[in-house]
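The values are calculated or read from the model by the stated rules, or taken from the named source; none is laboratory data. Note that the coordinates shown come from a computational prediction; the quantities given were computed from them, not determined experimentally. Cβ: placed from backbone, ideal geometry, glycine included. Neighbour counts: every protein chain shown.
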Amino acid sequence: MKNQNIEHFCPEGSDLASRASARNLRTKAEQTIKIGNTAVIDLTNVISISESYADELFAVLVEQHGLKWFSNNVKLLHDKSNSNDVFRSIATAIRRRLESQESHAIKISIDGLIAAKKSSNSKNLNHQHA
Amino acid sequence: MMYGLWEFLSNDELVKENGQLLVPHNYYNPGYWTALVAYCRFKNIGFDAINIVSEINKGYAFTIGIEKALNGLDSYCYERKNSGLNYSELVHLNSADDTNKATGTINSCIRQLFDTTDLSSFSKDLCEVVGELHDNVWSHGMSTGFSMAQKWKPPTSLGYCFEFALADCGFGFLRELNRVGLNCLSDEDSIKWCIEKGNSSKTQKVANEWSQRLPPDIAGNPMPGIGKPVMSENNHMGLGLAKLVELVNNYKGQLWLSSGEKTLTIDTNGKQSFKNNKQKWQGVALACRFDTEKAKCYKKSHDDEAIDSLIELLKNSGGVEL
């Protein structure tokens, strides 16, 4: 199993809107991933996120590196009470970047990623118990 | 009568011969106040040169922080008890960092105002648009932008009215589009272009790859006809104004969007029309107004299965749920 270090990034503010600040955060996240770390974006204090911010921070990463890379290297720390709205903004921004792909095709590839992730998580758990 | 952005732009003699800007006794809403403050700041008109006739209006001007916005001082000596409840104070969009802060200020006010289940979708969509617009103003408005929001009870509706407005004295649409090499001929055409989804001046490619390179944030072009700005990394999607128009149409709101000599208005039936401004507006000013009774009626549908799957993936990304 790959032993990755984690670096936390915590955007300032409850309502994220500025593309410029999202771009700065993305650059830092990309740098840490490049040296083998996992980037954890802490969204626990975030209540709303504009599509432009979500696009600049998350969707651009997906467009440049792919969904699998994103899913393996970027983790989101979230507060359950706000997560649906925040995640919908992020998902909408990513979807817009993947506009050329059919909805069903995206769903199939994401379902595959989720299944692989769940299987890997359960293997890790079994490994720990053993 | 209620005075808003349009009434501000309909006044062809804002500054009198004695150098004073007269604000007659009336009822003013955010569109008026944001335009007034952005205009005064741009023209270096201090708070003392604004002649607010009515004591009630003057008190309100102090409450929303006009003195602070223009003179940097705040002599208002009372607690602003209703700040964030009925109105937000004027917010100056001064830097990229301020964009998130300003969005937080206006959005927490919106969430307070519409803290009911039947308005939650409206509140969420509005918050998102406010963020987009603030970022637009920061990107295009060169630190000259102000925004504010206010709720009031109109005599003709069972619900409340709400208005969000912002104004900047940046390039304006026409100058900005021509600056990046789009040959737009009129203010009306430039407004029409800017409200189309996917259109952003920030994404325009330089027509001639061999033209002299200038930094992307340069103000004006010192080498007309030769130099063109070059955007280094640019992911702008042109969503802000298109989202605003969609919001206004979905929730049966009203919009005034002004730049240069024209104002685009959208009424509660979605009808668009253009008016001539008596007061030419340097930059961009807008006001959107909603009636909560009408806003309640819109039911949003989420029917893209890819988005639902993406949400699932994000939730399962291995992050910790608190």
Selection from the stretch B:42-77 of residues modelled with pLDDT under 90, among the hydroxyl-bearing types (Ser, Thr, Tyr) and surrounded by 12 or more Cβ atoms within 10 Å (Cβ to Cβ) yields B:Tyr76
Residue within the stretch B:116-124 that is over 21 Å from B:Gln282 (Cα atoms) and either outside any helix (DSSP H, G or I) or within 14 Å of the chain's Cα centre (by Cα) (or both) present = yes
Of the listed residues (A:Val46, A:Val74, A:Val86), the one being modelled with pLDDT of 90 or more, surrounded by 21 or more Cβ atoms within 10 Å (Cβ to Cβ) and farther than 19 Å from B:Thr105 by Cα is A:Val74
Exactly one of A:Ser119, A:Ser81, A:Ser89 is at negative phi, within 7 Å of chain B (Cβ to nearest Cβ), assigned to a helix (DSSP H, G or I) and among the polar types (S, T, N, Q), and that residue is A:Ser89
Condition set in a strand (DSSP E or B) and modelled with pLDDT of 85 or more, scope the stretch B:78-110, selection farthest from the chain's Cα centre (by Cα): answer is B:Tyr87
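Can you tell me which residues in the stretch B:128-158 are in a loop (DSSP other than H, G, I, E, B) and at negative phi?
Taking the stretch B:128-158 first, the residues in a loop (DSSP other than H, G, I, E, B) are B:141-144, B:153-158.
Within the stretch B:128-158, B:Gly141, B:Thr144, B:Lys153, B:Pro154, B:Pro155, B:Thr156, B:Ser157, B:Leu158 qualify.
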The residue from B:Thr116, B:Thr99, B:Thr63 that alone is within 14 Å of another protein chain (Cβ to nearest Cβ) and without any contact (Cβ under 8 Å) to a residue 60 or more places away in the chain is B:Thr99
Of the residues in the stretch A:12-40, those that are more than 8 Å from chain B (Cβ to nearest Cβ) and either touching a Cys at 6+ places or on another chain (Cβ under 7 Å) or under 12 Å from A:Ala54 (Cα atoms) (or both) come to A:Ala22, A:Leu25, A:Arg26
For the stretch B:296-322 the number of residues that are at pLDDT 75 or above, surrounded by 11 or more Cβ atoms within 10 Å (Cβ to Cβ) and among the hydroxyl-bearing types (Ser, Thr, Tyr) is 2
**Message:** Being modelled with pLDDT of 90 or more and either in a helix (DSSP H, G or I) or not acidic (Asp, Glu) (or both) is the requirement here; does A:Asp111 meet it?
**Reply:** no
Scanning the stretch B:120-153 residue by residue, those aliphatic (A, V, I, L, M) and surrounded by fewer than 22 Cβ atoms within 10 Å (Cβ to Cβ) turn out to be B:Met142
The condition of being within 12 Å of the chain's Cα centre (by Cα) and either under 26 Å from A:Arg19 (Cα atoms) or facing another protein chain (nearest Cβ under 9 Å) (or both) holds, among A:Asn72, A:Asn45, only for A:Asn72
Residue hits (the stretch A:3-54; in contact with a His (Cβ under 9 Å, 6 or more places away or on another chain) and in a helix (DSSP H, G or I)) are A:Arg19, A:Glu30, A:Ile33, A:Ser52
